[in-house]
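The values are calculated or read from the model by the stated rules, or taken from the named source; none is laboratory data. All values reported here derive from a predicted model rather than from experimental measurement. Neighbour counts run over all protein chains shown; Cβ positions are idealised from the backbone, glycine included. Accessible surface areas use protein heavy atoms only, side chains included; no ligands, DNA or RNA. Shrake-Rupley method; radii C 1.70, N 1.55, O 1.52, S 1.80 Å.
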Amino acid sequence: MLSNNVKSGYARTPHRSLLRSLGLDESDFKKPFIGVCNSFNEIVPGHIHLRTIADEVKKGILMEGGIPFEFPAIAVCDGISMNHEGMRYSLPSRELILESIEVMVKAHQFDALVLIPNCDKTVPAMIMAACRLNIPTIIVSGGPMLSGKTNGEDIDLVTGFEVVGKYSNNECSEEDMLEVEENACPTCGSCSGMFTANSMNCITEALGISMRGNGTVPAVYSKRKTIARNSGRKIMSLIEKNIRPRDIINEKSIKNALTLDMALGCSTNTILHLTAIAKEANCPINLNMIDEISSKTPNLCRLSPAGPYHIQELDEVGGIYAVLKELSKKGLIEKDCNTVYDKKIGELIENVNKKSDKIIKDIENPYSKTGGIKVLFGNLAERGAVVKKSAVDEKMMDVTLNAKVYDSEEDATRDIFDGKIQAGDVVVIRYEGPIGGPGMREMLTPTSALCGMGLDDKVCLITDGRFSGGSRGAAIGHVTPEAAEGGIIGIVQNGDKIHVDIKNSRLDLLVSDEEIAKRKENFIPKLPQVSGYLKRYSMSVSSGADGAVQKD
């Protein structure tokens with residue numbers, strides 16, 4: 001056991017003395033030490049209940065003869081940090097979480113880990129930590145929020161963002177807006193649509209690093225406690241069999257995760273995170289590989305923001321295993337991947353069938369024959385860009401639009417609310433990438449404002465930053481190279497024509513090669529004027545095409 005490094009032998013007398021101060025005795029020193037990383041805090045709605053989850057995990061560990069040691073991790077609420085300086089810290093928090101877990105595990109020599117995330121960056125950060133540390137690990141998340149209701153209709157956080165656009169466009173009253181505000185987020189948990197947090201939690205099941213239901217069982221259901229307690233018990237089995245994350249997360253299971261991603265129509269942020277996870281698992285992927293998987297994976301689900309359904313409804317009809325089973329009918333799932341159950345994923349889904357084709361379409365009758373996420377290439381995105389195709393109106397699949405260029409989200413949002421964006425425009429927001437932002441901010445406010453104003457089928461947004469999993473419409477993000485790296489997006493001018501061809505995976509600035517070369521000669525990229533952690537982050541972060549990870 002790794003923990004013997006801090007508890008065995010006469011030389012560890014002072015170490016054991018410190019451990020005894022925690023209440024341990026001689027019999028405890030013979031047991032495995034399990035780190036329980038809990039990202040609880042009192043500001044993030046998806047994390048407010050995680051003390052309960054951690055308590056259940058620790059019960060499970062104790063039941064099977066382990067000694068749990070809980071320690072914290074930070075977490076950022078993307079919704080609260082949206083559309084201001086705070087969003088610059090969201091993606092960078094992923095690396096802080098990853099590295100702080102590494103520090104705690106290496107310093108204290110835990111034998112295994114149970115990781116408790118829930119919202120956007122905590123989930124990928126903890127999967128990355130599992131791969132990097134490669135000791136027996138299981139992920140148990142806090143679960144999704146239930147959707148809200150107003151006037152008999154299901155609503156969620158995105159409704160709250162979009163109603164602001166409606167109000168600014170004089171399409172609803174202040175009382176209507178307050179009604180949405182009071183009902184959009186009715187429970188604790190990760191926001192209820194197929195946004196980034198829930199996308200990543202669902203992906204943990206496809207990767208095999210969590211138990212069934214981890215991605216879909218609502219936070220407020222008693223079954224969530226059962227999953228947590230059983231995860232605590234299961235980690236002891238993983239120790240006994242020495243099953244480690246890289247035995248589970250490999251090229252095949254990441255392929256399964258990407259396939260599920262396309263079938264569900266997950267957040268575009270999953271591409272960023274899976275790229276980073278694959279790097280930690282020593283099986284790197286790239287946007288070309290992702291596009292290849294998307295081209296042959298049918299889109300089976302349309303959950304908010306792409307459709308009217310929410311995560312609890314996906315859970316009711318069989319959850320992630322039911323989606324995987326449907327995909328397996330066409331041979332799209334690698335069935336021989338191992339899981340925390342020490343069974344192959346094929347065995348686990350063999351007897352699972354969806355209970356309704358309303359939420360999960362038959363594979364013979366999908367929403368579309370290709371995946372919910374599309375990778376675009378062209379002179380404006382030489383290394384790629386990403387769009388949630390399943391949330392784009394059919395009229396915006398192949399359009400040529402007039403560029404309106406902004407060097408920050410704030411400037412673009414101001415003009416949107418002031419009514420300066422018209423049908424036929426493409427809003428280009430640059431200097432929002434990992435380096436140039438820095439931090440690659442999500443931009444749910446401008447996309448939701450356009451949707452609320454009824455422009456989501458008439459206007460496109462393009463950025464070297466990111467869009468929230470809650471964004472819908474022709475929102476194209478992750479444009480690489482970014483402006484701060486000297487990318488073509490940095491030389492786009494007001495009035496330029498941009499061709500967006502989502503069906504054929506193209507994103508092109510319709511300017512001659514000669515004009516592009518001329519503009520490049522005089523182009524000096526802007527670099528962010530920041531200090532503290534953001535300064536260190538901007539100097540060391542890689543391109544969005546590489547997962548925006550810290551450079552080696």
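Results, tabulated for the structure shown:
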read-out	value
Alpha-carbon centroid distance for the pair region 181-195 / region 504-548, whole angstrom	35 Å
Inter-probe distance in nm under a simple model that places probes 7 Å from Cα toward Cβ, at K420 and S27	7.2 nm
Cβ charges +1 (Lys, Arg) and -1 (Asp, Glu), total dipole of the chain, debye	2140 debye
Surface share of carbon and sulfur [accessible, 1.4 angstrom probe, percent] for region 256-342	43 percent
Whether region 97-222 is rounded, prolate or oblate, judged on the alpha carbon gyration tensor where a/c under 1.5 counts as rounded	prolate
Set K252/K279; K395/K497; K31/K59; K330/K388 screened for pairs whose C-alpha atoms are more than 20 Å apart	K330/K388
Region 382-448, accessible area per residue, ligands and nucleic acids excluded (1.4 Å, Å²)	30 Å²
Global form of region 262-329, assessed from the alpha-carbon gyration tensor, a/c cut-off 1.5	prolate
Exposed-loop-free span, longest in the chain, where trypsin sites (Lys or Arg not before Pro) count as exposed if DSSP calls them loop and at most 16 other C-beta atoms lie within 10 Å	1-328
Whole-percent carbon and sulfur share, accessible surface of region 98-190, 1.4 Å	47 percent
Contact order normalised by residue count of the chain, Cα under 8 Å, 6+ apart, percent	14 percent
Tensor-based shape of region 422-533 (alpha-carbon gyration tensor, a/c under 1.5 rounded, otherwise prolate or oblate)	oblate
Proximal lysines relative to K166, as straight alpha-carbon distance under 19 Å, when same-chain residues fewer than 8 apart are discounted	K149, K420, K458
Calculated [θ] (222 nm, deg cm²/dmol) that DSSP helices of n ≥ 4 give over the chain, each run adding -39,500 (n - 2.57)	-11500 deg cm²/dmol
Proximal lysines relative to K358, as straight alpha-carbon distance under 19 Å, when same-chain residues fewer than 8 apart are discounted	K325, K329, K369
